[in-house]
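**Q** Okay, handing you the structure first.
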Amino acid sequence: MHSRTHVFLTAGTALLAAAVVPATVLPALAVPTGPLPAPPPTAEPATAAPRSATAPSTTAPFAATPAAAEPSAARAPVRRGAAGPPAAEGTASAAALLARAGECDPISSGLYRTRDDTPPTVAVCDTKGAVFWKADMDIDCDGQLTARCNHEADPYFQEQTAFTQSDGRHLNAEKLPYIVVPMTSSIWDHSASGIHGGSVAAVIHADKVQYAVVGDIGPPGIIGEASHAAARGLGILTDPAGGGVPSGVTYIVFKHSQVSPLEDHDAAVRLGNELANKFLREN
């Protein structure tokens, strides 16, 4: 994961315990074993600066939930992320979605930082059927050990994600596009906005749209992070230690949406495309 301090809450945390719902056991998706294709020789995207030099704490994560559960930061030589030209997902264009996610009606009571060492500048905005924010993208590589998400690639790697697959395993950041939302704080309570583990998001960068699920929880004052797979789908450098982009990413998260099982990306694309088009019609 890209230089940020993730916070996991214990199962006894009173603030979030009521949100946990027992998981439905369904077959997990297979974890890819072969290497991903190398990127084409195109111009490198800008890399994001590190969020924090503080090592993350690691405590017991929450179990899988179709409805809600709670919680989810390094500097090393930049390695090239494996990103080929991503295929388009859905029918809602990036330009149309960005046009609707324009003027901000803040739902957060304050602003978020994109890193520990930057001023707070990012508001969470409310709109019909969704919330959105415009920030950077840092790379979350936590969860299952894979060829590109591991302790060697990411010195701050953790083998847990706040939400889990239907079989109880932690998420596969190299395979599953997911985003990270900030832990509930006085700035914003995402669950009060109908945002939970498995909620669907449309993540937009340049002219690309990547559908993803809410899959991890980050620090309470920092925003702007997504999985290795989400970055790859947007053509963003995927290296957890030196990848990402410093700005220009819009996250639209659809209220009261739910993908089950959480690891079913095809289902996330279908539901995300449906909700994105509804978002365009109603805003």
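**Q** Could you pull out the residue among I195, I179, I204 that is within 16 Å of L262 (Cβ to Cβ) and not in a loop (DSSP other than H, G, I, E, B)? First the steps, then the outcome.
**A** Details: I195 fails: not in a loop (DSSP other than H, G, I, E, B); I204 fails: within 16 Å of L262 (Cβ to Cβ).
It is I179.
**Q** Take the residues in the stretch 175-207 that are out of contact with any strand residue (DSSP E or B) (no Cβ under 8 Å at 6 or more places or on another chain), farther than 17 Å from D138 by Cα and not hydrophobic (A, V, I, L, M, F, W, C), then tell me which one is surrounded by the fewest Cβ atoms within 10 Å (Cβ to Cβ). Can you show your working first?
**A** From the stretch 175-207, those out of contact with any strand residue (DSSP E or B) (no Cβ under 8 Å at 6 or more places or on another chain) are 175, 184-186, 189, 191-192, 194, 207; that's our starting set.
Remaining after also requiring farther than 17 Å from D138 by Cα: 184-186, 189, 191-192, 194, 207.
Checking which are not hydrophobic (A, V, I, L, M, F, W, C) leaves us with 184-186, 189, 191, 194, 207.
Details: T184: 19, S185: 16, S186: 10, D189: 16, S191: 20, G194: 17, D207: 12.
Going through the qualifying residues, I end up with S186.
**Q** Go through the stretch 226-242 and give me each residue that's of a type in the set (G, A, S) and within 13 Å of E174 (Cβ to Cβ).
**A** Of everything in the stretch 226-242, those that are of a type in the set (G, A, S) and within 13 Å of E174 (Cβ to Cβ) turn out to be A226, S227, A229, A230, A231, G233.
**Q** From R148, R169, grab the single residue that is farther than 23 Å from A202 by Cβ, surrounded by 20 or more Cβ atoms within 10 Å (Cβ to Cβ) and among the basic types (K, R).
**A** Result: R148 is the single residue among R148, R169 that is farther than 23 Å from A202 by Cβ, surrounded by 20 or more Cβ atoms within 10 Å (Cβ to Cβ) and among the basic types (K, R).
Values quoted throughout were computed directly from the atomic coordinates according to the rules given, and no laboratory measurement underlies them. Quick caveat: nothing in here was measured; it's all calculated off a predicted structure. So basically every Cβ, Gly included, is an ideal-geometry build from the backbone, and we count neighbours across all protein chains shown.
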